[in-house]
1. Across segment 177-218, what is the total count of residues that are in contact with a His (Cβ under 9 Å, 6 or more places away or on another chain) and either farther than 20 Å from Leu241 by Cα or among the β-branched types (Val, Ile, Thr) (or both)?
2. Of the residues that sit in segment 128-159 and are outside any helix (DSSP H, G or I) and farther than 18 Å from Arg188 by Cβ, which one is modelled with the lowest pLDDT?
3. How about segment 193-243: which of its residues are among the small types (Gly, Ala, Ser), touching a residue at least 40 places away in the same chain (Cβ under 8 Å) and either more than 19 Å from Glu163 (Cβ to Cβ) or in a strand (DSSP E or B) (or both)?
4. From Arg65, Arg78, Arg2, grab the single residue that is surrounded by 13 or more Cβ atoms within 10 Å (Cβ to Cβ) and in contact with a strand residue (DSSP E or B) (Cβ under 8 Å, 6 or more places away or on another chain).
5. When only residues in segment 1-34 that are in a loop (DSSP other than H, G, I, E, B) and of a type in the set (Asp, Glu) count, which is modelled with the lowest pLDDT?
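The values are calculated or read from the model by the stated rules, or taken from the named source; none is laboratory data. Because the structure is a prediction, the values reported are computed rather than measured. Cβ: placed from backbone, ideal geometry, glycine included. Neighbour counts: every protein chain shown.
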Amino acid sequence: MRIELVGIAKRFGEHQALRETTLALPDVHAMAVIGPSGGGKTTLLRLIAGLEIPDQGELFIDGERLESGQAALLRHRRSIGTVFQSFNLFPHLSALENIVLPLEKVHGYGRQAACDHAMALLERFQLAPHAGKRPAELSGGQQQRVAIVRAIAIKPRFLLFDEPTSALDPEMTAEVLDVIGELRAEGRDLIMVTHHMGFARSVADHCLFVGDGEILEEGPARDFFAAPRSGQLRSFLAKILKY
């Protein structure tokens, strides 16, 4: 996966969420984005997802410029899988139907093909016994795993995770991180915003440190954690790894 940002900036009202940012990553497969709350991590992810339009600058993915027209953005969004911290499952639909619906309505699957594909994935991730349950009947970890299955069911170009475990307790967090680790081991390309430093260090091949609306440091995961160059990153890691 190749990602290039050229002078990207985004403002929400008076708040400068992302300052003019330029970055070129010619070969990244699993990237972790870390940093303090409100520093711009989610804004950066949403720009890559095509869920926000930059106020200025250009974004290229695998050499293709992400256009700002609605038709182009829709095509882009349909080509990637995104998992949010709040699950975003339809509460009135079963786990199975939450996966089948986008396959049928957005990606052109027939009913039976969509059901077969969804059930195969639910079985793979030990969720088949819960296929008929609605989200309220599932644990938080099960809901997030259903959301991940829904994201990979569309056979995306790459996956985006926005702090997918922030609403979960430690046991459920481990369930979800195990699934993401499996996906990485399969060779799937992914970008994740996370506050789990140990997981980021073990899964990512590249890391970004984002704060105050800027990419303050970036580099290969091994060097990023073992020998941070900036005082900001050293201070951040010292605080977050203290306990």
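1. So the count comes out to 6.
2. Ser139
3. Scanning segment 193-243 gives a single hit, Gly211.
4. Result of the check over Arg65, Arg78, Arg2: Arg2.
5. Filtering segment 1-34 for residues that are in a loop (DSSP other than H, G, I, E, B) and of a type in the set (Asp, Glu), the one modelled with the lowest pLDDT comes out as Asp27.
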